[in-house]
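Note sheet for the following structure.
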Amino acid sequence: MPKFKVAAIQLNSQPDLKTNLSMSERAVRKAAEMGAELAVLPENFAFMGNEWDKYLQGDKISKAVTAALPEWAEQSKIHIIAGGFPVRAASGKVYNRSVIVDPDGKVLAKYDKIHLFDVTLSTEETYRESDTVEAGAAQPVVCEIKLPNGDKQLKIGLSICYDLRFPELYRLLAAEGAELICIPSAFTRPTGKAHWEVLLRARAIENSLYVVAPAQTGQHSEQRKTYGHSYIIDPWGQVLSDAGTKPGVVISEIDTDKIREVRLKLPSLKHRVL
């Protein structure tokens with residue numbers, strides 16, 4: 001079966017749409033030059049700052065991203081998974097949306113973040129995503145993409161950031177046939193340091209699949225800092241790539257035979273009772 005390369009893009013996005021889009025485009029182009037057939041952008045790649053400001057500029061951000069992604073994909077001849085970015089909902093709030101775009105510029109699938117980040121990490125660090133964001137439909141989204149140099153289809157499961165803490169979603173994605181899961185994120189530094197790697201490796205191990213988790217990193221505003229460490233992890237839970245704490249692109253090879261090998265060796269998905 002064919003092997004292919006996937007890139008996880010790590011950014012230090014700011015509350016500046018034009019600069020962020022330019023930075024993201026360069027990163028996608030670099031991923032393609034490195035040989036990747038799939039590039040995955042982190043959460044908030046187009047705008048990272050105050051959530052209320054992102055909400056107020058939501059229509060502008062959505063319009064710009066919707067126009068840019070197909071163009072980047074066609075120019076670089078690469079699949080792109082991008083998200084989340086704000087898309088207006090009927091309620092007046094916005095969805096936190098991730099999309100898959102193919103090398104012809106066609107949007108193959110979209111996913112609206114289900115689990116919203118409403119937490120109090122400390123008296124200084126509180127988040128209420130649900131104030132401006134509408135939760136998506138509570139159903140898994142799995143999309144097939146055609147691998148290069150062959151007719152093999154790879155099934156990709158979509159999720160975003162805080163979804164990572166809900167293993168039932170990933171079990172449903174695996175049950176739908178997902179072989180690779182994308183988790184674009186903007187993990188905070190306290191939660192990233194404590195939980196990011198162990199949760200990503202757990203999702204890969206318990207579902208015997210690849211995990212690609214691009215992340216935001218560094219300082220984004222006076223109060224917002226993220227952890228970085230974009231990861232690509234194999235079905236045995238081995239970290240193939242770690243971007244550290246600086247913006248950049250990491251790339252790893254995905255071997256679809258490795259998925260079958262692990263699932264034959266340790267067939268826990270077939271042993272499920274509940």
Rounded percent of accessible protein surface that carbon and sulfur make up, the range 158-274, 1.4 Å probe: 54
What is the gain in length, in nm to one decimal, between residue 135 and residue 104 on full extension, counting 0.36 nm per residue of separation less the C-alpha to C-alpha distance? 8.2 nm
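Can you give the charge dipole size of the chain about its Cα centre, rounded to the nearest 20 debye, using +1 on the beta carbon of Lys and Arg and -1 on the beta carbon of Asp and Glu? Don't skip to the answer; put the middle values down first.
Details: 35 positive and 34 negative charges, 65 e Å.
Here the chain has a charge dipole of around 320 debye.
Could you sort 121-132, 59-70, 94-105 so that the peptide with the highest average Cβ count within 10 Å comes first and the rest follow in order? If you can, show how the numbers build up before the last one.
Details: 121-132: 12.2, 59-70: 17.2, 94-105: 21.7.
Answer by packing, highest mean first, reads 94-105, 59-70, 121-132.
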Two decimals is fine: what is log10 I(q)/I(0) at q = 0.12, 0.14, 0.16 Å⁻¹ for the chain, from a Debye sum with one equal scatterer on every Cα and no solvent? -0.66, -0.92, -1.23
Isotropic mean projected area of the C-alpha convex hull, the range 107-152 (nm²): 5.6
Between residue 52 and residue 206, what is the spin-label point distance in nm, taking each point 7 Å from the Cα along the Cα→C-beta axis? 3.7
Return the Cα extents of the range 5-152 along principal axes one, two and three, sorted largest first, each rounded to a whole Å. 51, 33, 28
Solvent-accessible area per residue, Å², over the range 187-265 with all protein chains present [probe radius 1.4 Å]: 43
Of the residues 39, 90, 175, which exhibits the maximal mean-square fluctuation in a Gaussian network model of the chain defined by a 10 Å Cα contact cut-off? 90
Cross-chain or 8 or more residues apart, Cα under 22 Å: how many lysine pairs in the range 74-191 fit that? Count them up, please. 15
Rounded to the nearest Å, what's the spacing between the alpha carbon centres of the range 19-73 and the range 86-102? Just the number, please. 14
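Computed from the mean reciprocal separation of all distinct C-alpha pairs, what Kirkwood hydrodynamic radius does the range 158-206 have, in Å? Numbers along the way, then the final one.
Details: mean 1/r = 0.0898 Å⁻¹.
Hydrodynamic radius (Kirkwood, Cα only) of the range 158-206 equals 11.1 Å.
Number of Lys-Lys pairs in the range 193-274 under 19 Å by Cα, sequence gap 8 or more or different chains? Intermediate results must be reported in sequence, preceding the final value.
Values: 193/225; 193/246; 225/246; 258/270.
Here the count comes out as 4.
Thinking of the range 68-189 as a set of Cα atoms, what percent of all their pairs are more than 17 Å apart?
Working: 4467 of 7381 pairs.
Of all Cα-Cα distances in the range 68-189, 61 percent exceed 17 Å.
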Would you mind computing, in nm to one decimal, how far apart the modelled labels at residue 219 and residue 272 are, each placed 7 Å from Cα along Cα→Cβ? 4.5
Assuming a ≥ b ≥ c are the square roots of the Cα gyration tensor eigenvalues, decide whether the range 32-78 counts as rounded (a/c under 1.5), prolate (otherwise, with a/b larger than b/c) or oblate. oblate
Per residue solvent-accessible surface (Å²) - the range 1-43, probe of 1.4 Å: 40
Checked against the positive end of the charge dipole of the chain (+1 on Cβ of Lys and Arg, -1 on Cβ of Asp and Glu, about the Cα centre), the farthest of 190, 202, 39 is 202
In 5 Å bins starting at 0, how do the alpha-carbon pair distances of the range 165-251 split up by percent? 3, 16, 26, 24, 16, 10, 4, 1, 0
Calculate the spin-label point distance for residue 245 paired with residue 176, positioning each point 7 Å from the Cα along the beta-carbon direction, and give it in nanometres. 3.6
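Can you tell me the mean projection area, over all orientations, of the convex hull of the range 200-274's alpha carbons? Units nm², please. Write down the numbers at each step before the final one.
Details: hull surface 25.1 nm².
Approximately 6.3 nm², given one-decimal rounding.
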Could you check which residue among 158, 56, 21 shows the biggest mean-square fluctuation in a GNM of the chain with a 10 Å Cα cutoff? 56
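With an 8 Å Cα cut-off and a minimum separation of 6 or more residues, compute the relative contact order for the chain in percent. If you can, show how the numbers build up before the last one.
Working: 669 pairs, mean separation 57.5, N = 274.
21 percent.
The values are calculated or read from the model by the stated rules, or taken from the named source; none is laboratory data. Keep in mind that what you see is a predicted model, and the values were worked out from it rather than measured. Ideal geometry is used to build each Cβ from the backbone, glycine not excepted, and the neighbour counts take in all protein chains shown. Just so you know, the surface numbers come from the protein's heavy atoms only, side chains and all, with ligands and any DNA or RNA stripped out. Shrake-Rupley method; radii C 1.70, N 1.55, O 1.52, S 1.80 Å.
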